Amino acid sequence: MVEPQFDRSDAGNLNSLEKESFFGQSRLFLGLVLFAIFALGLAVRLYDLTDPPLDFHPTRQLRSAIIARGMYYRDLPNAPAWQKERAREQLAGYGLIEPMVFETIVAKTYRLIGSDPVWVARIFASVFWLVGGLALYFMTRAMTNPDGGVIAVAYYLFLPFGIAASRSFQPDPLMVMFILLGLWAFYRWYRQPTWPAAILAGLLIGAAMFIKAVAVFWLLFPLAGLMLFSGDIKSRLRDPQVWVITVLSALPVVAYHIYGVYILRTLESQFEGRFFPQMWRDLGFYVRWFDWTSGLVGFVAIFVAVIGALLFPTLAGRAFGTGLWLGYFVYGMLFSYFVTTHSYYHLPLVPVIAISLAPVGALIFQPLLRLKPPLMVRAAVSGIFVLALLVDVYFVRVDMAQEDYRHEPAFWAEIGNILGRDSSAIALTQDYGNRLTFYGWITPRIWIPLGQQNYRKLKGKPAIEVQQWFAEKT
């Protein structure tokens, strides 16, 4: 059995940080702070619960909503025949991208409750995000101390971009949950390498990459860094537990891609138009990438987190933190077009920054331990901390209240009634016609928007001959 090899001075630093914890001096006090953080994190995500899923990347959310509804109506005995048939058609019209895990969970819930309120997905997505937050806390606490875990979770749960994205009906919140569970389980195995811990780590890492294959960037690099800088790498490569983790991690995603590419032959089209290395030569790409990212997660947070990744008290921890950022950089270079156009492509960056902030959080509270009286200081600082979170929640709530989409379903349903459910239509509408598809029960042909024409140009395809294209569509 291979035991992790810590540098003794680093281990001493880790133990010192554990003892010098502001929030960790009392289990009751720490528990109350964490309860307040997670309760607020859930509450803000469930606010305005029944508003239609048009607040964040509606094209992507409505895609999942249409798929889940199609699964539900396809097998619903008492549904009108036309509705069942239309649901099947719409479900079949969406090509295979990721495994439809989230959509299946929502469809099964529809069957359980006997109706199809799409806001069910918002509850699931929020819970996924909070479960990931628990894994984040336990991992960062183990890597630093309770203060580091509290700061990491506070950033993760209350970043406005994260709040909006983590409520959305798309695979990404579920993927982030499994990424964090996988990182936590692997770190747990790394500290105490047992067979149950190895199997759990392999299953959770495999689940993350099965949900979305791009999870590999957020897992491979940090875990490789942890392994390479934690002792004799040759001994680790001979450890059967390492190979069990590797096989369990890779097997689900490899099997799915073999099934999608070589058996169904529908997944291979998803690899087209993903990589644009010509953008690497454009300085403007890097400027747009940084500007876009800093607007989502905060320039100061990026700056502090990059430094924080180098402040982990162990060499392996610093390699782990550096690997997180290296994975993000490689990911951004490979998906250069999407990291400057699709904000949800940056969602896994939220836990990356949160993890990297943990060493900073473990250090900044230490001077407060010397202030007297300790109970009053702890109460005052915690009050200020929770008040800051409440202010953040208030402003997020205001933004949510200002964006009201409840009129949209009736509007698109009326268009569907006017056109007739068996009509043939070509449409230039929001979200590639998904609003008309979902709320109007009509599947239109789509007039190609300007952005899609620019995307074709980037892929090197010839410009569309409008008259010919219109004739083909109509």
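The values are calculated or read from the model by the stated rules, or taken from the named source; none is laboratory data. In this text the structure is predicted, and so the values were computed from the model without any measurement. Neighbour counts run over all protein chains shown; Cβ positions are idealised from the backbone, glycine included. Side chains are part of the model used for accessible areas, which takes the heavy atoms of the whole protein and leaves out ligands, DNA and RNA. Shrake-Rupley method; radii C 1.70, N 1.55, O 1.52, S 1.80 Å.
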Residues meeting the amide H criterion for Ala427 (H placed from the backbone, H to H distance under 5 Å, 5 or more places apart or on another chain) are Arg445, Ile446, Trp447
With +1 assigned to the C-beta of every Lys and Arg and -1 to the C-beta of every Asp and Glu, and no other charges, what is the dipole magnitude of the chain about the Cα centre in debye, to the nearest 20? 520
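Where nothing but the Cβ of Lys and Arg (+1) and of Asp and Glu (-1) is charged, how large is the charge dipole of region 330-406 around its Cα centre, in debye to the nearest 20?
Dipole about the Cα centre, nearest 20: 460 debye.
So what is the relative contact order of the chain, in percent, for Cα pairs below 8 Å that sit 6 or more residues apart?
It comes to 21 percent, rounded to a whole number.
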Mind putting a number on the dipole of region 84-208 about its Cα centre? Charges go on the C-beta only, +1 for Lys and Arg and -1 for Asp and Glu, and I need it in Debye to the nearest 20. 220
With the charge dipole of region 329-474 built from beta-carbon charges (+1 for Lys and Arg, -1 for Asp and Glu) about the Cα centre, the Cα from Phe338, Ala427, Trp412 projecting farthest to the positive end belongs to Phe338
Can you tell me which aspartates and glutamates have their Cα less than 17 Å from the Cα of Lys212? Leave out same-chain residues fewer than eight positions away. Glu98, Glu103, Asp172, Glu268, Glu272
For helix 283-297, report the angle its Cα long axis makes with the longest principal axis of the Cα atoms of the chain; keep it between 0 and 90° and round to the nearest 10°. 70
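Can you order the peptides 132-139, 23-30 by their average number of other Cβ atoms within 10 Å per residue, highest first?
Ranking the peptides 132-139, 23-30 by packing returns 132-139, 23-30.
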Ranked highest first by the average count of other Cβ atoms within 10 Å around their residues, in what order do 141-152, 232-243, 62-73 fall? 141-152, 62-73, 232-243
Gyration tensor over alpha-carbon atoms, region 320-460, equivalent ellipsoid semi-axes in Å: 48, 26, 9
Labelled set (1) 74, 51, 50; (2) 68, 60, 40; (3) 100, 53, 46; Cα extents along the principal axes in Å computed from this model equals the value at (1)
Please give the FRET efficiency for Asp422 paired with Trp195, using the beta carbon to beta carbon distance and R0 = 45 Å, rounded to the nearest 0.05. 0.15
Could you tell me which residue out of Leu174, Leu159, Leu136 lies farthest along the dipole of region 93-194 toward its positive end? Charges go on the beta carbon: Lys and Arg +1, Asp and Glu -1, centred on the Cα centre. Leu136
By how many degrees, 0 to 90 and rounded to 10, does the Cα axis of helix 58-74 deviate from the longest principal axis of the chain? 70
Extension gain, Val398 back to Gln25 (0.36 nm per residue minus Cα-Cα distance, nm): 130.7 nm
Calculate what fraction, in whole %, of the accessible area of the chain sits on carbon and sulfur atoms when a 1.4 Å probe is rolled over the protein chains. 66
How long are the three semi-axes of the equivalent ellipsoid for region 261-392, computed from the Cα gyration tensor as the root of 5 times each eigenvalue, in whole Å, largest first? 39, 16, 15
Specify the inter-centroid distance of region 359-383 and region 48-121, based on alpha-carbon positions, in whole Å. 48
Unit charges at the beta carbon, dipole of the chain: most positive-side option, Ile105, Gly298, Ile446: Ile105
Cα axis of helix 8-19 to longest principal axis of the chain: angle in degrees, 0 to 90, nearest 10? 80
For the pair Leu390/Ile105, report the inter-label distance in nm, with labels modelled 7 Å from Cα in the Cβ direction. 3.2
State the Cα centre-to-centre distance between region 143-191 and region 298-356 in whole Å. 13
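If you count only protein heavy atoms with a 1.4 Å probe, what accessible area per residue comes out for the chain, rounded to a whole Å²?
Per residue, the chain has 47 Å² of solvent-accessible surface.
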